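Taking it in order: structure first as structure tokens, then the write-up.
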Amino acid sequence: MTAYGSGLRAQGSESILSLEPRVGVRALRPTTDYRLPIEAPCCYREAMATSRTAFLIDELHRAFDGDPWHGPSFMTALAGVTQRQAQARPSADVHSIAEIVAHATSWTAEVAHRLGGHPAGDPEDGDWPIPSAIDEAGWAAMQLALANAVARTIEAIAGFPEARWDDRVGDAREASLGTGVTYAQTVSGLVQHFAYHGGQVAVLRKLAG
């Protein structure tokens, strides 16, 4: 499966970027309606003065937990999904919502890793990690892990040198790893990734009832 094009088949609440700090990541407690009041990265205000960096932060925020043009954000699609719905499969060859969340967490963390100056590679936890059987608390923890990965990625974007956005990630184009594109395109790919999988989540939750 490719990082930025993996399909479904196995072949009104607080914004995460509120400029006024509220609740830190470590203080978050799992909720059923999982919209997350994550504290804005410390360098977000400074990044707003840098147009390209600010644009990329805003795009990621909108796709993940904001008000994107394409429709509901990823977290809006996920809000209220129960543990039962998260593990449901309409057929054996379709990824569950829980698997999509684990996949999104893996690749979000990998993008932050690359922005931090590390070589591109497979995500540390794999492309499609398989969640074990989860209860409600475990399901909430999975969503929190994703939100934390996004917060770390936003910090990495805010701290990334403006002059390096057009530098390339890796030497050769390899779609399965998302290499051979610029750092700016990498962040844009993550935005597209959330839009793509958010649509899948919306369909799966309807099928799960």
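Values computed for the structure shown
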item	result
Computed over the range 54-109, Kirkwood Rh from alpha-carbon pairs, angstrom	12.6 Å
Counting all C-alpha pairs of the range 25-208, share separated by more than 21 Å (%)	49 percent
Order of T153, T76, T182 - criterion: other Cβ atoms within 10 Å of each residue's Cβ, fewest first	T182, T76, T153
Karplus (6.51, -1.76, 1.60) ³J(HN,Hα), θ = phi - 60°, over the range 145-157, in Hz, Gly and Pro reported as x	4, 5, 4, 5, 5, 5, 4, 5, 5, 5, 4, 5, 5
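Values quoted throughout were computed directly from the atomic coordinates according to the rules given, and no laboratory measurement underlies them. Keep in mind it's a predicted model, so treat the numbers as computed, not measured. For neighbour counting, all protein chains shown are included, and Cβ atoms are generated from backbone atoms with ideal geometry for every residue, glycine included.
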